[in-house]
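The values are calculated or read from the model by the stated rules, or taken from the named source; none is laboratory data. As the structure is a computational prediction, the values presented were derived from the model and not from experiment. Ideal geometry is used to build each Cβ from the backbone, glycine not excepted, and the neighbour counts take in all protein chains shown. To get the accessible areas, we keep the full protein, side chains included, count just its heavy atoms, and leave off ligands, DNA and RNA. Shrake-Rupley method; radii C 1.70, N 1.55, O 1.52, S 1.80 Å.
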Amino acid sequence: MLTLDVFEQQLRNCFPQGVDGQKIAVALSGGLDSVVLLHLLVCAGKKGGFIPEALHIHHGLSPHADAWADFCRNYCDTLGVRLETVRVSVEKNGLGIEAAARQKRYAVFSEKEFDILALAHHRDDQIETFMLAVARGGGLRALSSMPSVRPLGTRGIIWRPLLPFSRQELQDYAERQGLSNIEDESNTDTGYLRNWFRHSALPELSARIPDFDRHVLNNIRVLQEDLALLDEVVVQDCRWVCGAGYFDTARWLTFSPRRRSHILRYFLKENAVPLPNQNALADIARVLAEAKTGRWSLQGFELHHYAGRLFVFQLEKMDKLLFLKDRQISGNLREILKGQGFVLKRHSFGLPEHLLEQDGILRPVLPSDSMTIGGIHKNMKKILQEKRVLPALRTFWPVVADRENRPLALANCCTDFRLSVSDGILPVHPDFPVLF
């Protein structure tokens, strides 16, 4: 039976880091599950030293959507909980309406600056998710269903503290506490596959097969352990492939094709690139293995394979790299560098501080530019070529010059050896690849 004491013990078990000082919120739909979760966390928070907030996503898909938002506001007022309601417009874009709504919800979740976002998925949801993965041909990651904790955006986590409990236990708790909730009429529509499993297939399977639910949950547990082990191996592989600060194709090729695929998928995910389907991923892997160059467009990103390296560019940031195209900026060097987003990093062969206090010029590299590097006078385009910079970036790579337009430094790379000092300054622009 789900009681507050049982939940608090489970809270300690499934989230041992604790929640003290964390900004925690509950995704509140107004349905039974999220109503119970918010109530439990409010009660537990009074003892644990945290105050949860609530987030309601107004999809606008039901004629009752406004009433649901009103219910959530009144419920939060009763509990003394701050509520934020976010209205979204759901467009299918080739997805089913459920998948499109879910995509919108998680996009909002990622934008919010919560340390912890608690979702009210329970044990029955976990079983349904597994069965959906089976029906749709999901692989290991899909069959592993929902983890209790996973990353959210760049700083937070999603937390599912109700996974150990059944829907019936949540219903019993709500009745004991006198909690009301809204009912989404779409939950009874067996035209949705999940609802068909919930109302038809799973009750029949449970009646036919003794301990069916327990067997499914055991399978999920084993699959999650296998997935965690696989992820550990892939992370180690990817760290080695990218050990020099970039994706090294030669190192990647030392692995078996199967491991290459996992490394590539992890690398794209870590760089926030929307993951392509299996066929598209296999095509990228084939070109990386067989050709010297390659280029792919992936939903707002571009991948470039050049000189044994794989580069990732977000198209929005690529546009920002053109800030010096066909122009130059004159003035106090420190001021114009900081004004254009440069970071002045310490470097063993950097510019002396006094040079940055003088007037100078920030401009793109010119064909005639040259610089002394390690006692050797080199053309700057040659330096960029040796650093394996993409040809498309070389034409607008930033150069820091003095007031006479003589090069002092090549951004993100090096300074003129004749001027450099130990523990000097190297201008580094975060949107360009770091070359030193």
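Observations on the structure shown:
- From ASP231, ASP213, ASP237, residue being in a helix (DSSP H, G or I) and in contact (Cβ under 8 Å) with a residue 40 or more places away in the chain: ASP213
- Cβ-Cβ under 6 Å pairs, at least 6 apart or on other chains, region 378-398 side in a loop (DSSP other than H, G, I, E, B), far side open to solvent by 20 Å² or more (accessible area, probe 1.4 Å) and among the hydroxyl-bearing types (Ser, Thr, Tyr): LEU390/TYR306
- Just one of the listed residues (ALA244, ALA282) is aliphatic (A, V, I, L, M), outside any helix (DSSP H, G or I) and without any contact (Cβ under 8 Å) to a residue 24 or more places away in the chain, and it is ALA244.
- The residue of region 340-362 that is farthest from the chain's Cα centre (by Cα), among those that are within 16 Å of ILE329 (Cβ to Cβ) and crowded, with 20+ Cβ neighbours inside 10 Å, is GLY360.
- Residue within region 24-47 that is without any contact (Cβ under 8 Å) to a residue 24 or more places away in the chain, of a type outside the set (Gly, Ala, Ser) and open to solvent by 10 Å² or more (accessible area, probe 1.4 Å) present: yes
- Flag: PHE255 matches the condition of being open to solvent by less than 50 Å² (accessible area, probe 1.4 Å) and in a loop (DSSP other than H, G, I, E, B).
- Any chance LYS338 is closer than 28 Å to LEU303 by Cα and not assigned by the TED database to the domain that holds ARG309: no
- All of LEU163, LEU152, LEU179 fail the test of being under 19 Å from ASP124 (Cα atoms) and either modelled with pLDDT of 95 or more or in contact with a helix residue (DSSP H, G or I) (Cβ under 7 Å, 6 or more places away or on another chain) (or both), apart from LEU163.
- Residue that is farthest from the chain's Cα centre (by Cα), among those in region 111-120 that are buried (at least 17 other Cβ atoms within 10 Å of the Cβ) and not in a loop (DSSP other than H, G, I, E, B): ALA118
- Any pair with Cβ under 6 angstrom, 6 or more apart, that starts in region 81-105 at a residue that is farther than 16 Å from ALA27 by Cβ and open to solvent by 50 Å² or more (accessible area, probe 1.4 Å) and ends at one that is among the basic types (Lys, Arg) and part of a loop (DSSP other than H, G, I, E, B): none
- Candidate set: region 34-71, residues that are assigned to a helix (DSSP H, G or I) and not hydrophobic (A, V, I, L, M, F, W, C); chosen: the one nearest to TYR173 (Cα to Cα): HIS39
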